[in-house]
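What follows is a single structure, and I will ask about it in a moment.
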Amino acid sequence: MKFDSLQHLSTPATLPHRLMGDTPSAQVASMMAHGLWHQLQLRRDGTLWASGDNRYGQLGDGSRQDQRRPVLVGRNFCAIAAGRFHSLGLKRDGSLWAWGYNGDGQLGDGSLVDQARPVQIARGCMAIAAGALHSLLLKHDGTLWAWGHNGQGQLGHTVDTKQTLPTPMGHGYREIATTDYQSMALHHSGQLIRWGVTPGEESEDNSLGTTRVQYDDISLGDETCFLQAAQLMAQAAPAYQLPR
């Protein structure tokens, strides 16, 4: 399955967005995430709202009906991310929830069944990120987890198989990010590591991308190298995380 790169990226609102329509008090959204045809809006009070296409249940309201106006998904959320057709939400208690399309296991619940309501996937979570058909999770203990589609090696191994449960990718990480078919992580040692294919270089023949690339020159004490890492991370969808 091929998609144009960088169309699904979850981007935080740079300026406050007021939600239109008959929503309570038209509260301000502090964070927004966009799938291919759906949108998530996280408000400052912790409520999560969704609108748009809902054929796979990616809005999380329990239905399969498209919604032109935002509908309430849940409360006590602090971060969100959206893949092409699936959604991720991180709650204030550190629990990860997922819903929507699950044909490649990108929800991480151990099945390939779509979910029209949020299902809990993990606890102890600090940051989340969503690729087109895969998901990333960074836990408080520094462990990195990935699941979903691996057609371009974005899960960090060379076997083109789906992962329906979060699979460990290593430990000692501090930041994560994604593009459509790439996973990126910044290690505490200063190494920026990525798996999969770079934006704009998706494989037409479904061959696996780069499994593991380490930028050994990125040092925690070198400002220039940090800028290099920041530029690479800026090409990816930012992961949203709990305050440190």
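Computed from the coordinates by the stated procedures, all read-outs in this text should not be read as laboratory data. In this text the structure is predicted, and so the values were computed from the model without any measurement. Please note: Cβ atoms are built from the backbone with ideal geometry, for glycine as well, and neighbour counts cover all protein chains shown.
For Asp53 paired with Trp37, estimate the spin-label separation in nm (one decimal), with each label point 7 Å from Cα along the Cα-to-Cβ line.
0.4 nm
Here's another thing I want to ask about it. Hey, could you get me the Stokes-Einstein D for the range 34-142, Kirkwood radius over alpha-carbon pairs, 10 °C and 1.306 mPa s, rounded to whole µm² s⁻¹?
For the chosen part, D equals 120 µm²/s.
Take each of the peptides 43-52, 129-138, average the number of other beta-carbon atoms within 10 Å over its residues, and list them starting from the highest.
Going from most to least packed, we get 129-138, 43-52.
Using the Kirkwood formula on the Cα atoms of the range 87-126, what hydrodynamic radius do you get, in angstrom to one decimal?
Evaluated on the range 87-126, it is 10.0 Å.
Would you mind checking the range 113-146 for residues with the amide N under 20 Å from a putative spin-label position 7 Å along Cα→C-beta of Arg75?
Within reach of a label on Arg75, which here means backbone N under 20 Å from a point 7 Å along Cα→Cβ, the range 113-146 contributes 117-120.
Do you know the relative contact order of the range 59-154, to the nearest whole percent, from alpha carbon pairs under 8 angstrom that are 6+ apart?
24 percent
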